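Here is the structure we will look at, set down as structure tokens.
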Amino acid sequence: MNTACSDFLVLAEDQDELKTFKAEVSSGLSSSPKRLSSRFFYDEEGSDLFRSITRLPEYYLTGCELEILKEHGKRILSLLGEKEFNLVELGSGDGSKVVHLIDPVLAKNRRLTYLPIDLSASALETLTDFLCRRSPNLDVRCILAEYSSGLQWIKGHLEGRTMVLFLGSNLGNFELAESEAFLSQVRAGLSPGDVLVLGLDLRKDIETMVRAYNDSAGVTARFNLNLLRRINHQLGGNFDPRKFRYYSTYSPGSGGVDSFLISLSSQSVFIRDLCATFDFEPGEPIYTEHSHKYSETEIRRLASQTGFVIEASFYDSRKYFVDSVWRVPGQG
Ligand code: AVJ
């Protein structure tokens with residue numbers, strides 16, 4: 001991690017995340033209907049499974065966004081002008097997307113500071129190792145933090161223009177009210193003239209959307225079921241994942257793919273660290289994930305309600321996905 005070009009700022013502790021996990025499992029399994037948040041999918045095993053998902057033929061999202069960044073990366077960058085700037089990424093990914101924004105800057109022999117914000121130290125380290133060899137003109141400053149505290153830190157510590165990346169339709173896991181609050185928070189961390197690049201999966205024919213979450217290799221099912229395994233490992237649960245099935249479907253009402261783990265029998269699960277038992281009826285669901293699919297109207301409404309102006313929209317050739325570029329209005 002102590003690579004010459006990188007800095008590592010720690011604003012979150014593993015214990016904090018474990019506490020949050022414990023609290024959310026407790027309240028989620030006590031509510032009716034039961035729920036567990038997809039934000040907890042990403043332990044080490046879950047992150048590996050997600051990487052496999054991005055390579056599945058059915059999961060078109062990653063390929064579409066890669067196509068957009070390869071094709072239009074330079075034009076996206078040109079919206080910031082020629083001055084030195086900071087590139088902030090919410091969620092660090094594996095670097096395969098962001099290089100299409102980093103490399104054109106470095107190719108012009110310009111300096112760039114890249115600041116990935118992520119809760120996984122190992123993800124940040126792997127990403128840094130991958131990026132650091134690229135050029136002495138690239139500064140990588142990793143921020144181990146929740147998005148909100150990372151953004152807050154950035155506000156007081158960066159000079160010059162900033163471009164924030166929130167790619168992969170990660171916003172789609174938030175509920176509408178949460179998305180608005182989150183985007184307003186991003187907006188508050190930025191100055192007039194700064195830019196947000198938001199990757200969003202668009203509404204399209206239902207079969208295509210549903211197939212992306214029902215792959216024939218069953219990786220997405222394992223990805224969801226891994227959450228029960230994580231509860232077993234980290235909180236001393238005794239879930240038998242074979243007694244649950246993964247189910248996901250498009251809901252026209254909410255405009256997204258909703259995912260569930262459904263109990264196959266009448267069963268009780270004990271979780272040691274919560275000192276609690278949770279009862280399941282046959283067919284009882286745990287709601288695990290909402291993956292929102294956006295309409296153009298929704299995107300326009302979100303931007304204007306959170307204080308941004310849409311500056312440009314970049315699509316893949318099939319128009320499955322959009323990288324929507326939003327600017328903070330005003331002088332700057
Ligand atoms: C990373 C949140 C965009 O919702 O499509 C992939 C996660 N879930 N397959 C999504 C996911 C099931 C993904 N996001």
Of all residues in region 93-111 being of a type in the set (A, V, I, L, M, F, W, C) and surrounded by 20 or more Cβ atoms within 10 Å (Cβ to Cβ), which is farthest from the chain's Cα centre (by Cα)?
V105
Taking G255 as meeting all but one of (1) under 30 Å from A312 (Cα atoms); (2) surrounded by fewer than 17 Cβ atoms within 10 Å (Cβ to Cβ); (3) more than 15 Å from the ligand (Cβ to nearest atom), write down the number of the exception.
(3)
All-but-one check, V186 against (1) farther than 28 Å from F244 by Cα; (2) within 16 Å of the ligand (Cβ to nearest atom); (3) under 15 Å from the mean Cα position of the chain (by Cα), failing number (2)
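Could you run through region 222-252 and say how many residues are within 14 Å of the ligand (Cβ to nearest atom), touching a residue at least 24 places away in the same chain (Cβ under 8 Å) and not in a helix (DSSP H, G or I)? Can you show your working first?
Of the residues in region 222-252, the ones within 14 Å of the ligand (Cβ to nearest atom) are 222-227, 246-251.
Subset that is touching a residue at least 24 places away in the same chain (Cβ under 8 Å): 222-227, 246-250.
Remaining after also requiring not in a helix (DSSP H, G or I): 246-250.
Adding up the residues that qualify gives 5.
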Among the numbered criteria (1) open to solvent by 30 Å² or more (accessible area, probe 1.4 Å); (2) among the hydrophobic types (A, V, I, L, M, F, W, C); (3) in contact with an Asp or Glu (Cβ under 6 Å, 6 or more places away or on another chain), which single criterion is violated by V325?
(1)
Give L167, L190, L183 a once-over and let me know the one that is within 15 Å of R300 (Cα to Cα) and among the aliphatic types (A, V, I, L, M).
L183
Of the residues in region 196-221, how many are in a helix (DSSP H, G or I), surrounded by fewer than 17 Cβ atoms within 10 Å (Cβ to Cβ) and out of contact with any helix residue (DSSP H, G or I) (no Cβ under 9 Å at 6 or more places or on another chain)?
3
By residue number, the members of region 57-92 that are open to solvent by 50 Å² or more (accessible area, probe 1.4 Å) and either touching a residue at least 60 places away in the same chain (Cβ under 8 Å) or under 25 Å from S317 (Cα atoms) (or both) are P57, E67, K70, E71, K74, R75, S78, K83, E84
What about T277, is it exposed (fewer than 12 other Cβ atoms within 10 Å of the Cβ), within 30 Å of S30 (Cβ to Cβ) and either touching a strand residue (DSSP E or B) at 6+ places or on another chain (Cβ under 9 Å) or among the basic types (K, R) (or both)?
yes
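Listed here are the residues, each with its yes/no results for (1) touching a strand residue (DSSP E or B) at 6+ places or on another chain (Cβ under 6 Å); (2) farther than 26 Å from R141 by Cβ; (3) part of a helix (DSSP H, G or I).
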residue: L9; (1), (2), (3): yes, no, no
residue: A12; (1), (2), (3): yes, no, no
residue: E17; (1), (2), (3): no, no, yes
residue: G28; (1), (2), (3): yes, yes, yes
residue: L49; (1), (2), (3): no, yes, yes
residue: C64; (1), (2), (3): yes, yes, yes
Scan of region 28-67 for residues that are more than 19 Å from Q234 (Cα to Cα) and away from the ligand (no atom under 15 Å from the Cβ), ordered by number
S31, S32, P33, K34, E67
What's the total number of residues in region 292-314 that are in contact (Cβ under 8 Å) with a residue 24 or more places away in the chain, touching a Phe, Trp or Tyr at 6+ places or on another chain (Cβ under 7 Å) and part of a strand (DSSP E or B)?
1
For E289, state whether it is touching a residue at least 40 places away in the same chain (Cβ under 8 Å), within 13 Å of the ligand (Cβ to nearest atom) and open to solvent by 10 Å² or more (accessible area, probe 1.4 Å).
yes
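The values are calculated or read from the model by the stated rules, or taken from the named source; none is laboratory data. Quick caveat: nothing in here was measured; it's all calculated off a predicted structure. Neighbour counts are summed over all protein chains in view; Cβ atoms, including those assigned to glycine, are modelled from backbone coordinates with ideal geometry. Accessible surface areas use protein heavy atoms only, side chains included; no ligands, DNA or RNA. Shrake-Rupley method; radii C 1.70, N 1.55, O 1.52, S 1.80 Å.
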